[in-house]
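Below is one structure, written out as structure tokens; comments come after it.
Each reported figure results from applying straightforward, stated rules to the coordinates on display, with no laboratory input. Please read these numbers as outputs of a predicted model, since none were measured by experiment. For neighbour counting, all protein chains shown are included, and Cβ atoms are generated from backbone atoms with ideal geometry for every residue, glycine included.
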Amino acid sequence: MSKNPKKTEEVLGGATSQPMEDLTGTSVDFFREHLVQLQGAMKHAPMEDHVRLILNEPKNEVIVNFPVRMDDGKFELFTGYRIQHNNILGPYKGGMRYHHDVTLAEVKALAALMTYKCALLEVPFGGAKGGIRIRPRDYTKTELERITRRFTHDLGSNIGPEYDIPAPDMGTNSQTMVWMMDTYMNMHGATDKHAQRRIVTGKSLTSGGSRGRTKATGQGVVYCVQEWADEKGFRLDGSSFVLQGFGNVGSNTAQILSRLGSIMTAVQDHTGAIYNSQGIYPRKLIDWVEETGGVAGYPGAEEISPEDFWRVKCDILVPAALELQITEKVARDLDCRVIVEGANGPTTAAGEKILLEKGVDVIPDVMANAGGVVVSYFEWIQNKRSESWQLQEVDSRLHFMMKRAYHEMRNFAREHDIDNRTASLAVALERINKVYVERGVFP
């Protein structure tokens, strides 16, 4: 088979397309962890019994197996998923993940988190997630294009600009979204072809994307850090932060936090972990990762073990890689003031219990990394209206929505004396429950 890993890394954004580490078998635990968190939140949100029942499982589970011709002429069979959890608040919305550990259970958990993320931020979308079980770096650009186009074609009417709107996720980027958009557009008549541009978000700016979308998740993470700092009377200038994951979310978070005067002292990705007590320059590390594929070997820092990475003392820890990283064991080693979850589900229930006992603040994923779906909504609106917003407008609108949701979460947490994750899910559940009560269940 003809493969070109370096070429593929360029197409899929370097480190973003790489798996952080092999977590085979953890996805089932991830879905279980999600259900535990959900049940905890339901104790604090008035819920009708039938709504509890509905939210325990996704509405639709789409699985497609499709063949694709490789560059050498041989065929491979791929498995793709699209899980549509709930659409009571609006069209399904969620990323497409290309990763070798994608499973049905993992995507179910991620789709559910999208439902509550949209409800918390008051984005009029429901929750979905999809992906292909694939290691992107093993395929060339032309092979990835054929895989993406065939997957999009086979999903057919299971996605649509007013029904289910995909976006980038781990292992995919704006190029992937443009391929999906173009395939879907060519599946429709010429008269309404361009009306289909909003079938996906996270596109390149030239193909209908939004300014600020690439940095949106990282920008949202930093907005949450700023709100936390204001609440605590904490000075960001001169503070320290540590990142797990240096793909799109991690690298943008690093750059924005650095502009506020915070110092990055350690980073971990799938290639290893690095440390420099005097600080690691985000821009130089980005250039290094684009050239080499990972943080390992970066000349401006020393290499440390994964265990020592979690022991680095810092003010702010941003896990921005895969789920289930901060376990009970890791939580005991951490020495930080706040954890801001740039990734989905990076903290286990047992790990979070230890963190709360230690007095570590946790800003949960449904709040912290919601910037991506918010700006995806802005992109969808711009496509729908044939508009193009300037970056200042995008950032201003994003800041308003993140700040509003953050304080709704914090107010609920204080009123009920509960943690932020439980509060954020409870706020979302209350909104979803209210809509079900008003609309009823057909027939």
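Taking the DSSP beta bridges with both ends in the chain, the antiparallel portion is around 50 percent.
The alpha-carbon of LYS108 sits under 14 angstrom from the alpha-carbons of these aspartates and glutamates, leaving out residues fewer than 8 places away in its chain: ASP29, GLU33, GLU57, GLU61, GLU323. An ellipsoid equivalent to the stretch 5-207, defined through the eigenvalues of its Cα gyration tensor, has semi-axes of 29, 21, 14 Å when rounded to whole angstrom and sorted largest first. The residues packed around ALA350, meaning those with a beta-carbon under 15 Å from its beta-carbon, carry a net charge of -2 if Lys and Arg are +1 and Asp and Glu are -1.
Charges at C-beta only: +1 for Lys and Arg, -1 for Asp and Glu. How large is the resulting dipole of the chain about its Cα centre, in Debye rounded to 20?
That gives a dipole near 1060 debye.
Extension gain, ILE63 to GLU328, is 92.0 nm, computed as 0.36 nm per intervening residue step minus the present C-alpha separation. Using alpha carbon centroids, what distance separates the stretch 340-406 and the stretch 267-289, in Å? That distance is 24 Å. Just checking the listed ones, GLY272, GLY359, GLY351: in the Gaussian network model of the chain with Cα springs under 10 Å, the one fluctuating most is GLY359.
Among ASP419, ASP237, ASP192, the residue with the largest mean-square fluctuation in a Gaussian network model of the chain, with springs joining Cα atoms closer than 10 Å, is ASP192.
Using only helices, what value at 222 nm comes out for the chain when you add -39,500 (n - 2.57) per DSSP H run of length 4 or more and divide by the total residues, to the nearest 500 deg cm²/dmol?
On the way: 16 runs with 200 residues, N = 443.
Using -39500 (n - 2.57) per qualifying helix, the result is -14000 deg cm²/dmol.
Packing, taken as the mean count of other beta carbons within 10 Å per residue, orders the peptides 149-157, 72-80, 308-316 from highest to lowest as 308-316, 149-157, 72-80.
Extension gain, SER207 to ARG135: 0.36 nm times the residue separation minus the Cα-Cα distance gives 23.3 nm. In sequence order, the stretch 422-429 has phi-based couplings of 4, 5, 5, 5, 5, 4, 5, 5 Hz under the Karplus curve 6.51 cos²θ - 1.76 cosθ + 1.60, θ = phi - 60°, and Gly or Pro positions carry x.
Taking the Kirkwood radius as the inverse of the mean 1/r across Cα pairs, report the Rg/Rh of the stretch 216-368.
Over the Cα atoms of the stretch 216-368, Rg/Rh equals 0.93.
Fully extending the segment from ASN56 to GLU231, taken as 0.36 nm per residue of separation minus the present Cα-Cα distance, adds 59.6 nm. Our coupling estimate for the stretch 324-337, obtained by passing each phi through the Karplus curve with A = 6.51, B = -1.76, C = 1.60 and θ = phi - 60°, is 6, 8, 8, 7, 4, 5, 5, 4, 5, 7, 5, 10, 9, 9 Hz, Gly and Pro reported as x. Here each label is just a point 7 Å from Cα along the line to Cβ, and for LYS193 and LEU35 those points are 4.7 nm apart. Placing R0 at 25 angstrom, the Cβ-Cβ distance between GLU48 and LYS384 gives a FRET efficiency of 0.15 after rounding to 0.05.
Given R0 = 35 Å, the distance between the Cβ atoms of GLU291 and ASP72 translates into a calculated FRET efficiency of 0.80. The stretch 412-442 and the stretch 306-324 have Cα centres spaced 30 Å apart. Take the chain, connect every pair of alpha-carbon atoms lying under 10 Å apart with a spring to form a Gaussian network, then pick out the residue of ASN433, ASN383, ASN65 with the largest mean-square fluctuation. Highest fluctuation among the options: ASN65. Only lysines eight or more places from LYS74 in sequence, or on another chain, were considered; those with a Cα closer than 26 Å are LYS3, LYS6, LYS7, LYS141.
Looking at the stretch 200-347, how many pairs of lysines come closer than 21 Å at the Cα, when each pair is eight or more places apart or spans two chains? Taking the stretch 200-347 as the scope, the lysine pair count is 4.
Show the residues, 5+ positions off or on another chain, whose built amide H is closer than 5 Å to the amide H of LEU334. Residues meeting the criterion, in which the H sits 1.01 Å from N, do not exist here. With the charge dipole of the chain set up from +1 on Lys and Arg Cβ and -1 on Asp and Glu Cβ about the Cα centre, the Cα lying farthest toward the positive end among the listed residues VAL51, THR214, GLN196 is that of GLN196.
With all projection directions averaged, the alpha carbon convex hull of the stretch 284-364 covers 5.5 nm². Per-residue Karplus couplings for the stretch 286-298, computed as 6.51 cos²θ - 1.76 cosθ + 1.60 with θ equal to phi - 60°, are listed in order as 4, 4, 5, 5, 5, 7, 10, x, x, 7, 4, x, 4 Hz, Gly and Pro entered as x.
Projected over every direction and averaged, the convex hull enclosing the alpha-carbon atoms of the chain yields 20.5 nm².
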